[in-house]
Amino acid sequence: MKTHIHRTIEPRIEAGLFKGKIIVIYGARQVGKTTLLKELEDKRRDETLYLNCDEPDTREKLANQTSTALRELFRNRRLILIDEAQRVRNIGLTLKLIADNVPGVQVVATGSSSFALSNDVSEPLTGRKMEMRLHPFTLAELATVLSREELERRMEQFLTTGLYPEAFFADTLGAPQVITELAEGYLYKDALEYQQIKKPDALRKLLQALALQIGSEVSYTELGALLGIDKATLERYVDLLEKAFVIFKLPPLSRNLRKEIGKMRKIYFYDVGIRNSLIRNFNGPGLRTDIGALWENFLIAERMKHYEHTGALVNTFFWRTYDQQEVDFVEEAGGTLRGFEIKWKKGAHKLPRLFTDTYPQSTVQVITRETALAFASAGELK
C-alpha cells in the first residue's frame with residue numbers, strides 16, 4: 001500500500017474553497033492531480049460530486065449544457081470535482097455557466113498541460129478563477145513521511161530517476177523503466193496532439209539538446225542552427241514545453257553593469273528523471289560527468305516547485321558577467337536580492353564579490369549537500 005504524502009498545495013486549495021472563484025489546478029500528466037481530488041472528496045464525501053472526464057458519458061454530461069441541466073446534474077452537491085477537464089468540449093463556457101448561474105457551488109477542475117495550452121478556460125473565466133500548479137513530489141513533501149536520514153540516503157536515487165510519484169514508489173531497479181515509459185508515453189503527447197506539431201522529431205531533438213545544456217546559457221540562434229530549426233519555430237517549441245510543465249526558464253539579472261549578461265537564459269527541467277531519460281543516462285553521481293549541472297538543476301527545480309505549490313511571490317534569475325563571474329540562482333522578494341551558489345563537491349568555494357558590490361543590499365551563500373534540504377524547502381527544513 002502506498003503511503004499518503006501530503007502535498008504542500010493542499011492548504012492553498014482548502015483556503016480557496018467557497019470564495020466565489022473556480023479553482024483550476026494545472027499540472028503535467030501523472031503528477032498526482034487525481035489523487036489530490038480524491039483526497040478532497042474523502043474529506044467532504046456527502047457534499048462532493050467527482051466527475052472523471054476520461055469517461056465519455058461524463059464528458060457528454062458537461063459539454064454544451066444549459067444551467068438547468070447542470071443544476072440537475074449537481075443536485076444537492078456543493079463541491080464539484082472535474083478531473084481531466086480539458087477533455088470536455090468548450091469546457092471554459094461550461095465553467096463560466098456554472099460560475100454565473102449555479103450559486104453556492106464550488107468547482108475544482110484539474111487538467112494536464114493541454115488544459116493550459118488551450119484558450120478554452122483563460123478567456124471565459126477571466127476574473128472568475130483561481131489558478132494553481134501541481135508538480136511532482138518535492139523534498140519538503142517527502143520530509144513528511146521520510147526521516148532526514150532516509151531523505152539523504154535516497155538523494156542519489158532522486159537525482160537519477162526524479163520525483164514523479166510513480167518513479168518514487170517504484171523499486172530502485174524498476175524506476176528508470178517507469179520514468180522512461182512516462183516520458184515517452186506522456187511527455188510530448190499534449191504538445192504534439194493539441195498544437196499539431198508538424199515536426200515531432202525536431203521537438204524531441206530540441207528536448208535532448210536542452211537536456212545536455214542544463215546549467216548553461218541557451219542561445220536560440222545557436223540551438224536553431226544546430227537542430228536545423230528557424231528561431232521563431234524554436235521559440236514556439238520552447239514556449240510549448242514550458243506550458244506543458246516539462247521545462248522552465250531562468251532569465252538573467254541585469255540592472256547595473258554593462259558587463260552583466262542580459263539576453264541569454266538558462267533552461268532547466270522540472271524533473272531530472274525526465275531529463276535523464278532523454279539522454280538515457282541513469283548512472284549514479286559517482287559515474288557521471290554532469291553531476292554538477294544535474295545537482296544545480298535538481299535543487300533549483302525543487303525551490304521553484306516549492307514556491308509554485310505554496311503560492312509564494314518570488315522573482316527568480318541567474319547572474320553572470322561576460323568575464324565569467326556568476327551566481328547560479330538569484331531570487332528577489334520584498335525588495336531583497338538573495339543569491340545562491342550550488343555546489344556538489346565539498347570544500348572551500350569562492351563567492352563573487354562583484355555581485356554584492358553591485359547590489360549592496362544582497363547576500364550570497366553556498367548551497368552544499370549539507371544545506372540542500374533547507375534550500376529546497378525555502379527554509380522549512382533545517
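No value in this document is a laboratory result; all are computed from the given coordinates. Every value quoted in this text rests on a predicted model; they were computed, and no experiment measured them. Neighbour counts run over all protein chains shown; Cβ positions are idealised from the backbone, glycine included.
Descending by average beta-carbon neighbour count within 10 Å, the peptides 329-336, 203-210 line up as 203-210, 329-336, the highest first.
Between the C-alpha center of the stretch 89-107 and that of the stretch 363-378 there is a gap of 43 Å. Taking G215, G111, G185 as the candidate residues, the one with maximal mean-square fluctuation in a Gaussian network model of the chain, Cα springs under 10 Å, is G185. Across the cross-link table entries K61/K243; K243/K305; K33/K205, which are compared at the Cα atoms, the separations over 24 Å belong to K61/K243; K33/K205. Largest mean-square fluctuation among E131, E217, E55, in a Gaussian network model of the chain whose springs join Cα atoms under 10 Å apart, belongs to E55. How many angstrom lie between the C-alpha centres of the stretch 292-306 and the stretch 332-358? Answer, in whole Å: 15.
Distance distribution P(r), the chain, all Cα-Cα pairs, bin width 10 angstrom from 0: 5, 22, 30, 26, 14, 4, 0 percent.
Note that the stretch 334-341 has calculated 3J(HN,Hα) couplings of x, x, 10, 9, 10, x, 9, 9 Hz, one per residue in order, obtained from phi through the Karplus relation 6.51 cos²θ - 1.76 cosθ + 1.60 (θ = phi - 60°); glycine and proline are x.
Comparing R59, R288, R29 in a Gaussian network model of the chain (Cα springs below 10 Å), the most mobile by mean-square fluctuation is R288. Considering only beta bridges that DSSP places wholly inside the chain, some 40 percent are antiparallel.
Basic side chains Lys and Arg get +1 at the Cβ, acidic Asp and Glu get -1 at the Cβ, and with that the dipole of the stretch 1-96 about its Cα centre reaches some 300 debye.
Here S377, S254 are placed in order of increasing Cβ neighbour count within 10 Å, fewest first, which gives S254, S377. For the peptides 6-13, 162-169, residues were scored by their other Cβ atoms within 10 Å and the scores averaged per peptide; the highest-first order is 162-169, 6-13.
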